[in-house]
1. Go over the candidates Leu84, Leu116, Leu104 one by one and state the one that is open to solvent by less than 60 Å² (accessible area, probe 1.4 Å), in contact (Cβ under 8 Å) with a residue 24 or more places away in the chain, within 20 Å of Lys12 (Cβ to Cβ) and aliphatic (A, V, I, L, M).
2. Could you tell me whether Gln19 is within 19 Å of Thr80 (Cβ to Cβ) and assigned to a helix (DSSP H, G or I)?
3. With at pLDDT 95 or above, assigned to a helix (DSSP H, G or I) and out of contact with any Phe, Trp or Tyr (no Cβ under 8 Å at 6 or more places or on another chain) as the only criterion, which of Arg57, Arg62 stands out?
4. Going by what's in this entry, would Pro78 be described as within 20 Å of Asp10 (Cα to Cα) and out of contact with any helix residue (DSSP H, G or I) (no Cβ under 6 Å at 6 or more places or on another chain)?
5. Take the residues in the range 26-54 that are part of a loop (DSSP other than H, G, I, E, B) and free of Cβ contacts under 8 Å to residues at least 12 places away in the same chain; name whichever of them is most open to solvent (accessible area, probe 1.4 Å).
6. Based on this model, can you work out whether Asp128 counts as at pLDDT 90 or above, open to solvent by 50 Å² or more (accessible area, probe 1.4 Å) and among the acidic types (Asp, Glu)?
7. For the range 126-144, state whether one or more residues are β-branched (Val, Ile, Thr), over 17 Å from the mean Cα position of the chain (by Cα) and closer than 23 Å to Ser13 by Cβ.
Amino acid sequence: MISQLRALEDLKSAAAGLQARITVAFDAAQRSAEAAAGVPAEEQGRGVAAQVALARRESPARGSRLHGLAKALVAEMPHTLAALDAGQLNEWRATLLVKETACLAAEDRCAVDEELAADTGTFDGAGDKAIIAAARTAAYRRDPRSVTQR
């Protein structure tokens, strides 16, 4: 039974990674269709987070956070996304890594993601506090000012 629980948890993590990729692809498709329809650039993609929320049976506010999480994972944190796909991190812990690096510029966030190399099993057996501490420490090394201002 424990093996079944583990397999299901791995499946949930892999599904979360796939959901992130689908969310980003849907966002791009929606923006493209709206651009073709003549929607002004600043208005394109406005309803994407709400649609993600509806599809995932979440509140609009949570849909917005999931949309942001998906964009960060796909565009800036490939190691974290790979760990999610492999079941080495769950969606909550991936969210913690994204949250703790949110104050960084994209290139610094990518560097922290690579440094932590979550897909190598760095966080196997680690708790939330250890993951947060590792992410904060790595973020601080990259950009102390941004982390302090946060």
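The values are calculated or read from the model by the stated rules, or taken from the named source; none is laboratory data. Since the structure is predicted, the reported quantities are computational estimates derived from the model, not experimental observations. Cβ coordinates were reconstructed from backbone atoms using ideal geometry, including for glycine residues, and neighbour counts include every protein chain displayed. Heavy atoms of the whole protein, side chains included, go into the accessibility calculation; ligands, DNA and RNA do not. Shrake-Rupley method; radii C 1.70, N 1.55, O 1.52, S 1.80 Å.
1. Numbers: Leu116 fails: within 20 Å of Lys12 (Cβ to Cβ); Leu104 fails: within 20 Å of Lys12 (Cβ to Cβ).
The match here is Leu84.
2. It is true that Gln19 is within 19 Å of Thr80 (Cβ to Cβ) and assigned to a helix (DSSP H, G or I).
3. Arg62
4. yes
5. So, considering only residues that are part of a loop (DSSP other than H, G, I, E, B) and free of Cβ contacts under 8 Å to residues at least 12 places away in the same chain, the one most open to solvent (accessible area, probe 1.4 Å) is Arg46.
6. yes
7. The answer is no, given that none of the residues of the range 126-144 is β-branched (Val, Ile, Thr), over 17 Å from the mean Cα position of the chain (by Cα) and closer than 23 Å to Ser13 by Cβ.
Every residue, every condition in (1) closer than 20 Å to Ala139 by Cβ; (2) at pLDDT below 95; (3) touching a strand residue (DSSP E or B) at 6+ places or on another chain (Cβ under 9 Å), yes or no:
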site: Glu9; (1), (2), (3): no, yes, no
site: Arg31; (1), (2), (3): no, no, no
site: Gly47; (1), (2), (3): no, yes, no
site: Thr80; (1), (2), (3): yes, yes, no
site: Asn90; (1), (2), (3): no, yes, no
site: Ala105; (1), (2), (3): yes, yes, no
